[in-house]
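J.: My questions will all concern the structure given below.
The values are calculated or read from the model by the stated rules, or taken from the named source; none is laboratory data. For clarity, every value in this text was computed on a predicted model and none was experimentally measured. Reconstructed Cβ throughout: ideal geometry from the backbone, glycine too, with neighbour counts over all protein chains shown.
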Amino acid sequence: MTRIIDHAILGKLDSLKKVSFQFNGKSYEAYEHETVAAALLANGIRQLRVHEESGTPRGIYCNIGHCMECRVTVNHQPNVRACLTKVEEGMTIESGRRHPTPLKKTEGLQ
Amino acid sequence: MIENKQLIICRCEEVTYEQLQSTARQHTCSARELKLRTRAGMGFCGGRTCRIALDAIMDSFIPDENKAVIPLKYQPPIRPVSFGTVGGRHD
């Protein structure tokens, strides 16, 4: 996991208690007070969803909760902001899917 | 403005600079109308990311002054809410 454990200014991470959670069916580990976005980033996952219409990959953008780019489904609750939600034990997270656009012919639609 | 025509101005609706420019030229419309036509500023983030860029760009497109003066409105809800919460289902 790529994390700054001992920061020159901020010092050491206070609690190193591990928490496990699931993202798209695979289980990952994170520290107790991390946000979902940070935990996934530390596990090397940058893509949190795709654009609902065009399918382009999307992930963290503002990381302070107002751009909504990091919205994921947490425990079957959709549109939860990953950058503001703390990881809890046994959390199941699903990334956003691409929605069908029957009324709009988007090129390259499989 | 950077000449990159494919520059995406509105992330949520993936509206590019070129789309905005051609729509504005074709319909010579006001800021609000450009928003209605291209959906720029109507995305999930409620215009937080692109409203300022949109206002600035629209000033450069729109020929006469008074049309461009009305800035883009802040539409409720200020944060996306599900129909469940709006409809009172608090489970």
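J.: Can you find a residue that is at pLDDT below 95, over 25 Å from B:Cys50 (Cβ atoms) and in contact with a helix residue (DSSP H, G or I) (Cβ under 9 Å, 6 or more places away or on another chain) anywhere in the stretch A:35-44?
T.: No: zero hits.
J.: Same structure, new question: In this structure, does B:Gly41 turn out to be part of a loop (DSSP other than H, G, I, E, B), modelled with pLDDT under 90 and within 13 Å of another protein chain (Cβ to nearest Cβ)?
T.: Criteria not met by B:Gly41.
J.: Could you tell me whether any residue of the stretch A:31-40 is more than 12 Å from chain B (Cβ to nearest Cβ) and in contact with a Cys (Cβ under 6 Å, 6 or more places away or on another chain)?
T.: Scanning the stretch A:31-40, I find at least one residue that is more than 12 Å from chain B (Cβ to nearest Cβ) and in contact with a Cys (Cβ under 6 Å, 6 or more places away or on another chain), so the answer is yes.
J.: When you scan the stretch A:33-110 for strands (runs of 3 or more DSSP E) that lie fully inside it, which ones turn up with 3 or more residues that are surrounded by 14 or more Cβ atoms within 10 Å (Cβ to Cβ)?
T.: A:47-50, A:71-74, A:77-81, A:91-94
J.: Right, next: Restricting the stretch B:1-36 to residues that are within 9 Å of the chain's Cα centre (by Cα) and of a type in the set (Lys, Arg), which is nearest to the other protein chains (Cβ to nearest Cβ)?
T.: Checking each candidate, the answer is B:Lys35.
J.: Let me ask something else. Kindly indicate whether A:His66 is within 12 Å of another protein chain (Cβ to nearest Cβ) and either touching a strand residue (DSSP E or B) at 6+ places or on another chain (Cβ under 8 Å) or of a type in the set (Gly, Ala, Ser) (or both).
T.: no
J.: Taking the criterion of being closer than 26 Å to A:Glu69 by Cβ, in contact with a Gly (Cβ under 9 Å, 6 or more places away or on another chain), within 14 Å of chain A (Cβ to nearest Cβ) and at pLDDT below 90, would at least one residue in the stretch B:51-65 satisfy it?
T.: yes
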